[in-house]
Amino acid sequence: MKKMLLLSALLALSAAGVSAKDWTEIRMASEGAYPPFNEIGANGALKGFDIDIGNALCAEMKAKCTWVKQEWDGMIPALMARKFDAIVASMSITEERKAKVDFTNKYYASPVVLIAKNGLPLRPELASLKGKKVAVQRGTVSDNFATKYWDGKGVEVVRYGKQDEAYLDLKSGRVDAIFADYWEAYGGFLTKPEGAGYSVLGEQLYGKNAEERAVIGEGIGIAVRKKDQDLKAQLNKALAAVRANGKYEEIRKKYFTMDIYGN
């Protein structure tokens, strides 16, 4: 009888919406080494597209937002350890990651591309890259794709903790090409003075088949713990609102001249 009464009480609370947490304070994490999406400003604080989007969502939710700097390699473990509540760090929504965490709807989409000196006969294909050194940022979609399809098959995949380190080695000639997120490369390298003489070679990869799309992902989302479905729902509602009221486009135009949301 006592168990039945307790169950009835819990169901009544759930029906009344009491079980849903109202997120008035949210700790968001980003890397700070992936411009123009996230980087460290002169004042030591995080800044960039990811940060502006996160702040806009918090404002829409009327929630207090605080930011935590977290190395990319430890992002998901730190989320699970409750060091913060959400990852807003240009994280692709992939099947592998969905086994550990949950994601909001996408807030932008980006293909992966090969970047090298202008005019080189390179393409993001195994046959084209044999005998070459290709740089990737460790733990990214680019790393996962290169590892699955190229590594150990005649291509040397060189992994870096930060994307900027890969660009430095490309400029110095230590690697032949970089395989990276297109929009990060566009804003963080190709449109900067140091990117002069370099370009995207070959096609932009979104995934030619289901297997490749599972690696590349479904777009960029905000990662939350699986049990925090109320936070996911509130972030999705806020994301829809900033897309509808023009705030998203205002932020996008600050960093990019072209649409990055995709279809």
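The values are calculated or read from the model by the stated rules, or taken from the named source; none is laboratory data. Quick caveat, the model's predicted, so the values are computed rather than measured. FYI the Cβ positions are ideal-geometry reconstructions off the backbone, even for glycines, and counts take in every protein chain you see. The accessibility values were calculated without ligands, DNA or RNA, using every heavy atom of the protein model including side chains. Shrake-Rupley method; radii C 1.70, N 1.55, O 1.52, S 1.80 Å.
Report whether or not residue 100 is open to solvent by 20 Å² or more (accessible area, probe 1.4 Å), closer than 24 Å to residue 260 by Cβ and not aromatic (Phe, Trp, Tyr). Against the criterion (open to solvent by 20 Å² or more (accessible area, probe 1.4 Å), closer than 24 Å to residue 260 by Cβ and not aromatic (Phe, Trp, Tyr)), residue 100 does not qualify.
Could we say that residue 148 is of a type in the set (D, E, K, R), under 17 Å from residue 200 (Cβ atoms), at pLDDT 95 or above and part of a helix (DSSP H, G or I) here?
Working: of a type in the set (D, E, K, R): yes; under 17 Å from residue 200 (Cβ atoms): no; at pLDDT 95 or above: yes; part of a helix (DSSP H, G or I): yes.
Judged against the criteria, residue 148 is not a match.
Just one of (1) of a type outside the set (Phe, Trp, Tyr); (2) under 18 Å from residue 125 (Cβ atoms); (3) open to solvent by less than 50 Å² (accessible area, probe 1.4 Å); (4) without any contact (Cβ under 8 Å) to a residue 40 or more places away in the chain fails for residue 166. It is (2).
Going through (1) open to solvent by 30 Å² or more (accessible area, probe 1.4 Å); (2) in a loop (DSSP other than H, G, I, E, B) one by one, residue 110 falls short only on (1). Of the residues making up segment 21-76, those that are closer than 27 Å to residue 182 by Cβ, modelled with pLDDT of 95 or more and part of a helix (DSSP H, G or I) number 13.
When residues in segment 42-69 are screened for being touching a strand residue (DSSP E or B) at 6+ places or on another chain (Cβ under 7 Å) and open to solvent by 10 Å² or more (accessible area, probe 1.4 Å), 10 of them pass.
Of all residues in segment 150-163, those that are crowded, with 17+ Cβ neighbours inside 10 Å and touching a residue at least 60 places away in the same chain (Cβ under 8 Å) total 1. Quick one: would you say residue 234 is open to solvent by 70 Å² or more (accessible area, probe 1.4 Å) and either under 24 Å from residue 84 (Cβ atoms) or not aliphatic (A, V, I, L, M) (or both)? No: the conditions fail for residue 234.
Report whether or not residue 215 is farther than 23 Å from residue 99 by Cβ and β-branched (Val, Ile, Thr). No, not satisfied. Of everything in segment 114-128 that is touching an Asp or Glu at 6+ places or on another chain (Cβ under 8 Å) and surrounded by 19 or more Cβ atoms within 10 Å (Cβ to Cβ), the residue that is farthest from residue 253 (Cα to Cα) is 124. Quick check on residue 128: is it among the hydroxyl-bearing types (Ser, Thr, Tyr) and in contact (Cβ under 8 Å) with a residue 40 or more places away in the chain? So residue 128 fits the description; yes.
Taking residue 202, is it over 20 Å from residue 27 (Cβ atoms) and modelled with pLDDT of 95 or more? Against the criterion (over 20 Å from residue 27 (Cβ atoms) and modelled with pLDDT of 95 or more), residue 202 qualifies.
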